[in-house]
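Read the structure below first, then the notes.
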Amino acid sequence: MTLKPKIVALCGGVGGAKLALGLSRILPPEHLTIIVNTGDDFTHLGLHVSPDIDTVVYTLAGLSNQEQGWGLEGETWHFMQSLERIGGETWFRLGDADLAMHVERTRRLAAGETLTAITQDLAARLGIGPVILPMSDASVRTILHTDEGILPFQDYFVRRRTEPSVERIEIAGAAEAAPAPAVQAALDDPALGLVIICPSNPWLSVLPILETGDMRARLAALRCPVVAVTPVIAGAAVKGPTARLMAQLGLEVSAVSVARFYAGLADGFLLDEQDRDLAREIVALGMAVATAPTLMTDLESRVALARAALEFAWGLDS
């Protein structure tokens, strides 16, 4: 594979972090920028929690819980046990070691630093080479309109375990926000050769990025290829509530529905090899299609998928 210029990856939580890790093992660190969803961010126990950022940071630092895909390996829970004894809120669990990230982020935000500056510094201190950026330094929040009323994302996702039926998704504050200056610089970089949309939940993890300020227009105007990787394989979601959410929104649980979400934005769509019979429908949406094994079960498969995505994209650019 011939090495090409700089690459930007749009990323949510666990699935996106897996592909970001694969990319980081192939590319020189200065060639990779990872733009992460912050629509899941919220304040809990007085702390600013950035779940998707932390998942990406811990994954690339080699610190994440391998079984869960999020959190820290070897985490302990003495703080939560003590909090429960005195009647505190324990529905969102913060591990003892993980607390350090939230405390330090909150302290530095209160001191006037941007989320971008804090994220870059913490990632560097953990030995991460690629640039990790929050999508915005402004507050953008994912809100779910459900059959049980309006729920902030973490209330829907963690407290209620995605049980309410979703009727509509709102990205609050997105229109007024702007992509972080470093995000804008990455997309404006003349050396940018490719944007990869990682296999994160399109509606819960990627939509907040696309809706932030003029982000969608910026991506649509790029002269380099934009390639999306499917998070749906053989009519099932790899991780999380994607399939249930799609059904609730009246969408067929299929990679074709994901491709429709990215139509007009992505030049290429990477299907799982089990869904190769769907290629013609996706080509009709105006995208080139390639197939590859997209289920990432270990480091080897993450690197292999990253390599397949890059080779597909470079072919579009040739």
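Descriptive notes on the structure:
- Net charge of neighbours whose Cβ lies under 14 Å from the Cβ of P134, counting Lys and Arg as +1 and Asp and Glu as -1: -4
- Computed from backbone phi with θ = phi - 60° and the Karplus coefficients 6.51, -1.76 and 1.60, the 3J(HN,Hα) list for region 220-231 is 5, 8, 5, 9, 9, x, 10, 10, 9, 10, 5, x Hz; x is used for glycine and proline.
- Principal-axis tilt of helix 14-26 within the chain, Cα atoms, nearest 10 degrees: 60 degrees
- The apolar share of the surface of region 1-119, taken as the fraction of accessible area on carbon and sulfur atoms (1.4 Å probe, ligands and nucleic acids excluded), comes to 53 percent.
- Gaussian network model of the chain, springs between alpha carbon atoms under 10 Å - residue of W203, W70, W91 with greatest fluctuation: W91
- Ranking A178, A237, V195 by how far each Cα lies toward the positive end of the dipole of region 141-246 (charges on Cβ) leaves A237 at the top.
- Probe 1.4 Å - accessible area at K18, Å² to nearest ten: 40 Å²
- Degrees separating the helix 115-125 axis from the principal Cα axis of the chain, which is the longest one: 90 degrees
- Backbone phi angles across region 88-99, fed through the Karplus curve with coefficients 6.51, -1.76 and 1.60 (θ = phi - 60°), yield HN-Hα couplings of x, 6, 10, 5, 10, 8, 10, x, 4, 6, 5, 3 Hz in residue order; Gly and Pro are listed as x.
- Under 5 Å from the amide H of E148 lie the amide H atoms of S165, each residue being 5 or more positions distant or on a separate chain, with H modelled from the backbone and absent for Pro and chain starts.
- Probe 1.4 Å, protein heavy atoms only - accessible area per residue of region 1-160 in square angstrom: 42 Å²
- Given charges at beta-carbon only (K, R positive; D, E negative), |dipole| of the chain in Debye: 300 debye
- Amide H to amide H, with H built 1.01 Å from N, H44 comes under 5 Å of V49, counting only residues 5 or more places away or on other chains.
- Relative contact order (%) - the chain, alpha-carbon pairs under 8 angstrom, separation at least six: 20 percent
- Distance histogram for region 34-143 (every C-alpha pair counted, 10 angstrom bins, percent rounded to whole numbers): 14, 46, 33, 6, 0
- DSSP bridge analysis restricted to the chain gives an antiparallel fraction near 40%, rounded to the nearest 5.
- Between T43, V131, G16, the Cα set farthest toward the positive side of the dipole of region 11-153 (charges on each charged residue's Cβ, about the Cα centre) is that of V131.
- Pairwise alpha-carbon distances in region 74-194 exceed 19 Å for 66% of all pairs.
- Tilt relative to the chain, helix 299-316 - C-alpha long axis, 0 to 90 degrees, to 10: 40 degrees
- Surface per residue (accessible, 1.4 Å probe) for region 239-318, Å²: 47 Å²
- Calculated on the alpha-carbon coordinates, the convex hull of region 239-292 measures out at 83 cubic angstrom per residue.
- Relative contact order, whole percent, for region 169-318 stands at 20, derived from Cα pairs under 8 Å and 6 or more residues apart.
- A cut-off of 5 Å between modelled amide H atoms, ignoring neighbours fewer than 5 places along the same chain, links L72 with N65.
- Counting every pair of alpha carbons in region 183-318, the share spaced more than 24 Å apart comes to 27 percent.
- For region 106-176 and region 266-310, distance of Cα centres in Å: 28 Å
- Accessible surface of I233 - all protein chains present, 1.4 Å probe, nearest 10 Å²: 20 Å²
- Percentage, to the nearest whole number, of Cα pairs in region 1-42 over 16 Å apart: 38 percent
- For region 235-318, the fraction of 1.4 Å probe accessible surface lying on carbon and sulfur atoms is 49 percent.
- Gaussian network model of the chain, springs between alpha carbon atoms under 10 Å - residue of L251, L270, L72 with greatest fluctuation: L251
The values are calculated or read from the model by the stated rules, or taken from the named source; none is laboratory data. This one's a predicted model, so the numbers in the text were calculated from it and none came from an experiment. With ideal geometry, Cβ positions are generated from the backbone for all residues, glycine too; neighbour counts draw on all protein chains shown. Calculation scope for accessible area: heavy atoms of the full protein, side chains included, ligands and nucleic acids excluded. Shrake-Rupley method; radii C 1.70, N 1.55, O 1.52, S 1.80 Å.
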